[in-house]
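The values are calculated or read from the model by the stated rules, or taken from the named source; none is laboratory data. This is a predicted model, so every value here is computed, not measured. Here the Cβ is made from the backbone with ideal geometry for all residues, glycine too, and neighbour counts use every protein chain on show. Remember, those area values only see protein heavy atoms, side chains included, never the ligands or the DNA or RNA. Shrake-Rupley method; radii C 1.70, N 1.55, O 1.52, S 1.80 Å.
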Amino acid sequence: MTNRSVFYTIKPKLVIEGAGVLLRRSIAPLATNEYDPFLLFDHFAFNDPLEGPVRGFPMHPHRGIDTVTYMLEGSVNHRDSLGNEDRITPGDVQWMTSGRGILHEAMPRRSETSGNIYGFQLWVNLPAAQKMGPPSYRSVKSSTIPVVEKDGASVRIVAGELDGIRGPVTEIAASPLYMDVKLAPGSKFVYPIPEGHTALAYVFEGEGSFAGEAVESVQMVFFNDDGDSIEVSTETGVQFMLIAGAPFKEPIVPYGPFVMNTVAEIKQTILEIQNGTFIK
Ligand code: FE
């Protein structure tokens, strides 16, 4: 195996979304589609008074993407136009396919024990042929997410496979890999990533060496496509979300919560929101 080198790392920027939620955003939808098939990665962490009162994300639409929420502390209450009502608790994942349209509300709550809220939201693109497909909702409970322990690595597999153990989220167009990887001090982790697939690692605890480059939390690592594996080692321990998937190589036009392929499709979406025909 040849290890991929690091192209560049990104320090998250603080942004405000929803009804005033302060987030750490490392990637955001770009017309250049730099991280194809991934569009956005937000990290919400209410552990600090700096972040003020906990506000949420009142009812809002999405079209053309999957939104993936992973909680580590606290919870999120969810409601949507498909009639789902759910509570995402620590270790759970919500994998929501907006397809042609969904309206949803996501209201974070502090952990009753730590008082914290800690989680991530990833947006995964849909190919043109599925953007106007039916919306769907997967509530993935913590107990259904396998954990593989190997050579000092503890890996929770949301999507993808490690040593023949498969994560519960399958049949997603981007063939995504989404894993929570925790490495003990003095350990090393090597994982195969198909050539041509985009690979990212969101380092949120500790520090490690990514392809020989020292990276401390909190940063997003964007790997070059110059090998078929990633290698991470650590002296003091590190935890990161490993994200990889197959690019669609289609043009995108992002507009707020919508990501389509053409300006005409975005205009059509806005028209449907205005005239009340967005939800079919
Ligand atoms: Fe949303």
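Observations on the structure shown:
- Accessible area of Glu195 (1.4 Å probe, protein heavy atoms only, ligands and nucleic acids ignored): about 130 Å².
- Residue-normalised accessible area of the chain, given per residue in Å² at a 1.4 Å probe: 43 Å²
- Nearest-ten-degree value, helix 263-275 long axis tilted from longest Cα axis of the chain: 50 degrees
- Protein accessible area in the stretch 6-275, 1.4 Å probe - carbon and sulfur %: 52 percent
- Pairwise Lys count, the chain - Cα closer than 21 Å, eight or more residues apart or different chains: 8
- Net charge dipole size for the stretch 6-275 [Lys, Arg +1 and Asp, Glu -1 on Cβ; Debye, nearest 20]: 820 debye
- For Gln219, nonlocal amide neighbours, meaning residues 5 or more places apart or on other chains whose placed amide H falls under 5 Å from its own, are Val203.
- Of the trypsin sites (Lys or Arg not before Pro) in the stretch 46-143, those whose Cβ has at most 14 other Cβ within 10 Å and which sit in DSSP loop: Lys141
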